[in-house]
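Q: What follows is a single structure, and I will ask about it in a moment.
FYI, it's all coordinate maths here, none of it is from the lab. As the structure is a computational prediction, the values presented were derived from the model and not from experiment. Here Cβ is always computed from backbone atoms with ideal geometry, including for glycine, and neighbour counts include all displayed protein chains.
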Amino acid sequence: MRFDILTIFPNIFDSYINTSILKRAQEKKIIKIVTHDIRKFTKDKHNKVDDLPFGGGAGMVMTPQPLYDCIKHVKKLNKGPVIYLSPRGKTLSQSKVEQYSKKHKGMILLCGHYEGIDQRIIDSLVDEELSIGKYVLTGGELPAITVVDAVARLLPGVLGRAESHEEESFSKSLNRKKEYPHYTRPADFLGMKVPDVLMSGHHKEIAKWRKSKLS
């Protein structure tokens, strides 16, 4: 699966996408992550990508020309949907992540900044607006990497075992509930003991206990 991230701060992603699970997934060619610097597409002699909003108000708005040219360029490389990370979008959920991982072979993630992007870009080129929660961030970079991480880990071969994501918080197998608690060695840590049932070896009782702890 190919992820193209459009941003004015491409270096932000270097550490995260080149570490741990995402790094291994790229090495195994299960996913490909490409960042694109929107500034490289501006025709402004000062490399500006923002301007004052019509109608007045605080902050700046990302101008349409560099966004338009950048998106058009990336769409030649990736046939997936253009998703604008915005607090106005529908909230990301595990079920939506599952849909992305099964439905698409690629995603184009557009990171806004300042007060957002010119609405004409949304109207003409964006397929979906997506939010990761009811709060506002300084830009779409954190939401973009959240989407990449959440979707990529569901792709076959990314995690060590397929079961790792089949029974976890918000998964279909747990009826979209939060996962049960986990424990590991030692069985007694500073007087805090692991529930006896988990060390009993009785799989039916363990399954019953875990089900009772879903929330």
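Q: If you wrap a convex hull around the alpha carbons of segment 72-215, what volume per residue comes out, as a whole number of Å³?
A: About 156 Å³ per residue, rounded to a whole number.
Q: Also, quick follow-up: Distances over 23 Å make up what percent of all Cα-Cα pairs in segment 2-152?
A: Distances greater than 23 Å cover 33 percent of the Cα pairs.
Q: Simple spin-label model, 7 Å along Cα-to-Cβ: K103 to F54 in nm?
A: 3.2
Q: Can you put H46, H113 in order, fewest other beta carbons within 10 Å first?
A: Final ranking by Cβ density, sparse to dense: H46, H113.
Q: Mind ordering 32-39, 123-130 by average Cβ neighbours within 10 Å, highest first?
A: Final packing ranking: 32-39, 123-130.
Q: Follow-up question, since we're still on this one. Return the distance in nm (one decimal) between the two label points of a simple spin-label model at K45 and I206, each offset 7 Å from Cα along Cα→Cβ.
A: Result: 7.1 nm between the two label points.
Q: What is the ratio of the Cα radius of gyration of segment 11-66 to 2.2 N^0.38 Å, with N the residue count, to two decimals?
A: For segment 11-66, the normalised Cα radius of gyration comes out at 1.67.
Q: Can you pull the one-decimal nm distance between simple spin-label points at F170 and T91, each 7 Å off the Cα toward Cβ?
A: 1.0
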